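Worksheet for the structure shown next.
Bear in mind that the values in this text are calculations on the coordinates, not laboratory data. This structure is a prediction, so every number in the text was calculated from the model and none was measured.
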């Protein structure tokens with residue numbers, strides 16, 4: 001199972017690179033065409049925006065797995081283990097609640113986005129905003145997994161503090177809860 005999860009997140013990282021490269025090529029190419037040849041590719045404006053939307057959401061999933069989101073740990077580090085566990089549980093439950101709301105919001109907007117056609121490319125907008133389903137499910141599963149690790153007492157004191165202080169502390173191993181100073 002771990003290999004399948006690692007492969008899934010490698011695919012997501014690859015998609016982030018593809019989206020970024022596509023954006024650079026489309027925007028730079030359009031700038032060159034507009035200023036150099038007084039023309040342009042209309043589709044590139046819209047598609048680069050869609051790539052940016054997907055890049056943002058896919059990057060959020062990868063960052064959550066790597067523990068790379070921003071946070072403040074000033075209070076959490078001073079709490080005893082029980083306090084850290086309580087804050088960790090509240091944190092994960094709140095994020096899970098937000099993911100449920102995100103899924104429900106995407107579901108509520110599904111029919112509208114399905115029938116809404118993009119003006120230039122001509123695709124259904126659910127292909128753009130449907131990423132909300134994927135993000136909500138993947139991040140929700142990560143929240144549930146972390147709660148399971150907490151309730152089965154498989155998290156160290158350092159893993160209960162989910163803040164990365166700098167890029168120097170980036171996780172070396174995918175799938176770990178990144179924490180400063182934790183042994184990997």
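Annotation: extensible slack from residue 120 through residue 98 equals 4.7 nm (criterion: 0.36 nm per residue apart, minus Cα-Cα distance).
Multiply the residue separation of residue 107 and residue 137 by 0.36 nm, subtract the distance between their alpha-carbon atoms, and state the gained length in nm to one decimal. Walk me through the numbers on the way to the answer.
Working: separation 30, 0.36 × 30 = 10.80 nm, distance 1.22 nm.
Gain on stretching residue 107 to residue 137: 9.6 nm.
Quick check: the angle from helix 42-66's long axis to the longest principal axis of the chain, C-alpha only, nearest 10 degrees? Taking the Cα atoms of the chain, the angle to 42-66 is about 10 degrees.
Relative to the first principal axis of the alpha-carbon coordinates of the chain, what is the inclination of helix 131-151, with its axis defined by its Cα atoms, in degrees from 0 to 90 and to the nearest 10? Taking Cα atoms only, the helix is inclined about 10 degrees. For region 11-87, the square roots a ≥ b ≥ c of the C-alpha gyration tensor eigenvalues yield an a/c of 1.5 or more together with a/b exceeding b/c, which makes the shape prolate. Using only Cα atoms, tell me the angle between helix 2-37 and the longest principal axis of the chain; keep it within 0 to 90° and round to the nearest 10. Roughly 30 degrees, rounded to the nearest 10.
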